[in-house]
Amino acid sequence: MRTTLRRTLTAAGVATAVAAALTAGPGTAAARPAPPTAPAAPGAPAGVGDPAALVEVEIPGPEHGAVAGSGHVSVPAAGRDRPTARLSAAEDRVDGTVTKLIDTGPTADRLDVVVIGDGYTAADMPRFRTDAREKWAEVAAVEPYTTYQGLFNVWTVDAVSRDSGVSGDPDRATVRDTALGAYFWCGDIERLLCVDQDKVDAYAALAPDADLVLVLADSAKYGGAGYNEPNADIGYDGIATASAGNAKSGQVAIHETGHSLGRLADEYFYPGTPGYERYTGKEPGDPNTSTLDAARMAERRAKWYRWLGEESPDGGTVGAYEGGGYYVSGLYRPTDNSLMRVLDRPFNLPGVEAMIAGFYRHAAPATALTPAGGTLTLRADAAARIAVPRLTGADGHQLTVRWFLDGRELRHLAGRTEVRVAQLGLRPYDFRSHKLSVTVVDRTSSVRDPAVAETLRTAFDWRVRR
């Protein structure tokens, strides 16, 4: 979770938030420059007009191809900048309704996903919530989301449109009056599904927290987009757009979360594109691209060297495969065909590790149900209680819970989420104050970087006495 924005965020505040997002580039922008638009979409605008009004988005790969993306292009942050339609009194009562679709714990300790629909009328809202649940199920079917579902809350925000469906479906001449202004043919690219980012932000701010935003268009047409600029004011790492009725669009959305949550680079590249034959820049900051081949990576103990030679879930072994970050040569990727290069494939091992690190930037391994730092007494029959999310991976791995009294481990209490003062064995005439503490650690084998592993833990303590 990031800092929660008040539900009363004003339109002016949202506009300020968007302006801040547009001026703050992604952390790896220098390492992965936007590729030329010609191979992906001839004629697409790239920085035309007022730069302050543009935002960079990722273009999904062609519908009938395997490649995950087709590079980036600058588009208007305000989309087509159409005025917001006037709603009837009945529609207005529905508009902005927030529903907690999946509840796994308090917002402060969870990664909160906000799903907003576009092209859904007030009468369509039950279908929107069904679409949101089904699209989240698609995401949760991909590791490491599958294992870590217990770290996520999912919210829906009702954005009432006057028309069902979105502009550009079925053809570019189709214009619909929708809440978020979603439209295909963004930048003359049929599959690029853009939105009015100010309007998306205004609805996202209505949720108690927004760490990741997913916009579902009421459409079965293939398309999507990745808005991967983090918004520090509202708190999200990025916005992914997808068609609710198109399964491949869901894969595009998952790929986009690899950028926003995992901070992963694209692993695809552009054969035959001038300027992208060979990378000659400095070492990228992304965890999944490198100028180092496998031998030099192992020698320098750099990047994903800890995974070299391991079997990866996307097929083959982890090594250094030339081509990535849009360049045909000069940059290496960990595996041949992970989800950051090809749709309908898993994340590779370094990608899984990066995604888990992203999950724990927002979520915590445990919640103190008994406020930490307080004093618990035997006479009051007090107890220290915590909540620990259950992991749902195929290997059965769970978080490790250990209790300590004055620094001495109470091994017989391992794994418990409630410990009563009466269980601590305090001596009858011992009226001193003691320190009871608990540590909760995720010792997953999917994380090998000690710096990442250090973020997969939390601890609480209380004073206890007779």
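The values are calculated or read from the model by the stated rules, or taken from the named source; none is laboratory data. Only a predicted model underlies this, so the values are computations on that prediction, with no experimental measurement involved. In this analysis, Cβ positions are derived from the backbone assuming ideal geometry, glycine residues included, and neighbour counts consider all displayed protein chains. Side chains are part of the model used for accessible areas, which takes the heavy atoms of the whole protein and leaves out ligands, DNA and RNA. Shrake-Rupley method; radii C 1.70, N 1.55, O 1.52, S 1.80 Å.
Brief remarks on what is shown
- Some residue of segment 369-376 being touching a Leu at 6+ places or on another chain (Cβ under 9 Å), over 26 Å from Q149 (Cβ atoms) and touching a residue at least 24 places away in the same chain (Cβ under 8 Å): yes
- Test: A384 is modelled with pLDDT of 95 or more, assigned to a strand (DSSP E or B), open to solvent by less than 50 Å² (accessible area, probe 1.4 Å) and over 30 Å from P271 (Cβ atoms): yes
- Conditions (1) open to solvent by 60 Å² or more (accessible area, probe 1.4 Å); (2) at pLDDT 95 or above; number of the one not met by R427: (2)
- Of all the residues in segment 145-175, those that are in contact with a Lys or Arg (Cβ under 6 Å, 6 or more places away or on another chain) and among the charged types (D, E, K, R) number 2.
- Residues within segment 294-315 that are assigned to a loop (DSSP other than H, G, I, E, B), in contact with a Leu (Cβ under 9 Å, 6 or more places away or on another chain), of a type in the set (A, V, I, L, M, F, W, C) and under 20 Å from P144 (Cα atoms), tallied: 1
- Looking across segment 130-145, just one residue is open to solvent by 30 Å² or more (accessible area, probe 1.4 Å) and within 11 Å of T392 (Cβ to Cβ), and that is E143.
- Elements of type strands (runs of 3 or more DSSP E) in segment 46-123, at least 1 residues being surrounded by fewer than 15 Cβ atoms within 10 Å (Cβ to Cβ): 98-102
- Filtered by the rule that a residue be of a type in the set (A, V, I, L, M, F, W, C), open to solvent by 30 Å² or more (accessible area, probe 1.4 Å) and touching a residue at least 24 places away in the same chain (Cβ under 8 Å), segment 156-208 gives A202, L206.
- Residue match in segment 319-329 (condition: over 30 Å from L426 (Cα atoms), more than 21 Å from the chain's Cα centre (by Cα) and part of a loop (DSSP other than H, G, I, E, B)): yes
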